[in-house]
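Read through the structure below, which is laid out as structure tokens, and then see the notes.
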Amino acid sequence: MTWLTWLYVPGDRPDVVAKALRSGADVVLVDLEDAVAPERKAYARAATAELLAQGPPGPVPVHVRVNALDGPLAADDIGTLAHLPGLAGLRLPKVTDPGDLRRAAGWARAGTHTPPLYPLLESALGVERAFEIATGHGAVRGLALGEADLRADLGVGGGGLGYARGRAVVAARAAGLAPPPQSVYPDVRDTEGLARDCAEGRALGFLGRTAIHPRQLPVIEAAYRPSPAQVEAAEEIVAAAEQEAGALALADGRFVDAAVVAGARRTLALASRSSRSPGGGAR
């Protein structure tokens, strides 16, 4: 299954989490970190553990973003949640080197296995070590940028994250991981701006996006799904490749080789996703 939408929800709001599970997002991201006030952290962890204790709580995977690995809460977060049958992945904030992954995996050993790990690159050091982090533990399944913290660390705005975005995309590809999703678009009312930003992200090699409100989900989905013209072109390429092995030229002069065919197959895989109509407020 190709995931295009991840919806963040605060872990101390079980009612909001329940709505998110029905929102149409591909993955629900229960947040124990930034979305939860300090005095609510223990409750958020307990509520999330209760949610995941009996197995998958809904029709889509549930990932949990734990608290900062260099703080006092992450070990308890991971130790409490890692073995629960409803957990599909751990989002690890502010990862700066493979040692962070090994430490997190160590905290998870109370369970039967290390759950899938998704490190977040949120600092200059994390970005510079992107490939080391992507290959730093066998349980890593994907990378992502945390752009708000990264902007603060670098002191940039606007287009100042171009290098970091390219670095994350290349590192994920080099490590054999799925393309990273874009970071959140913070203005939930600006759907036109979100669509434009998604188009830019798609051109950079990202695939899908994290969201903070259900109204953003259909915009992200539409931005990353191939257009009818792209699907038609991909079908033509794949059909031609099935008729003739090796490099070939189509009737209109386009040259097709193995890389082009692989890209066409990816386009068709995205196009085959079932249509959704995300809805139901989560905030």
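The values are calculated or read from the model by the stated rules, or taken from the named source; none is laboratory data. These figures come from a predicted structure and were not determined experimentally. Please note: Cβ atoms are built from the backbone with ideal geometry, for glycine as well, and neighbour counts cover all protein chains shown. For the accessible areas, the whole protein counts, side chains as well, though only heavy atoms, and no ligand, DNA or RNA atoms are used. Shrake-Rupley method; radii C 1.70, N 1.55, O 1.52, S 1.80 Å.
For region 21-62, the spread of Cα coordinates along the three principal axes comes to 31, 21, 11 Å, biggest extent given first. Once you reduce region 52-121 and region 207-236 to the center of their Cα atoms, the two points are 29 Å from each other.
Note on Thr114: accessible area approximately 40 square angstrom, rounded to 10, probe 1.4 Å, nucleic acids and ligands left out.
With N set to the residue count of region 45-184, report its C-alpha Rg divided by 2.2 N^0.38 Å to two decimal places. Can you show the working numbers first?
Values: Rg = 14.9 Å, N = 140, 2.2 N^0.38 = 14.4 Å.
For region 45-184, the normalised Cα radius of gyration is 1.04.
With 5 Å bins from zero, work out the P(r) of the chain over every alpha carbon pair and list the percent per bin. Using 5 Å bins, I get a P(r) of 1, 6, 12, 15, 17, 17, 13, 9, 5, 3, 2, 1, 0, 0 for the chain. Note on Ala269 and Glu235: their simple-model spin labels are 2.0 nm apart, each label 7 Å out from Cα toward Cβ. Projecting the Cα atoms of Ala233, Ala148, Ile212 onto the charge dipole of region 129-240, computed from C-beta unit charges around the Cα centre, puts Ala148 farthest toward the positive end. Look at the alpha carbon pairs under 8 Å that are at least 6 residues apart: their mean separation over the length of the chain gives a relative contact order of 17 percent.
Carbon-plus-sulfur accessible fraction, the chain (probe radius 1.4 Å, protein heavy atoms only): 54%. Relative to the dominant Cα principal axis of the chain, helix 162-174 is inclined by about 80°. In the context of the full set of protein chains, residues of the chain present 46 Å² of accessible surface per residue (probe radius 1.4 Å, heavy atoms only).
Each Lys or Arg adds one and each Asp or Glu takes one away; over the other residues whose Cβ falls under 14 Å from the Cβ of Gly162, this sums to 0.
Legend: translational diffusion of region 162-202 by Stokes-Einstein, Rh = Kirkwood radius over C-alpha pairs, 25 °C, 0.890 mPa s; D = 217 µm²/s. Spin-label model, Val170/Arg141: points 7 Å from Cα along the beta carbon direction are separated by 2.8 nm.
Normalise the Debye intensity by I(0) for region 17-114, one equal point scatterer per Cα, no solvent, then take log10 at q = 0.11, 0.16, 0.18, 0.25 Å⁻¹ and round to two decimals. For region 17-114 at q = 0.11, 0.16, 0.18, 0.25 Å⁻¹, log10 I(q)/I(0) is -0.29, -0.63, -0.80, -1.42. Each semi-axis of the equivalent ellipsoid for region 113-262 is √(5λ) with λ an eigenvalue of the Cα gyration tensor; in descending order they amount to 31, 21, 14 Å.
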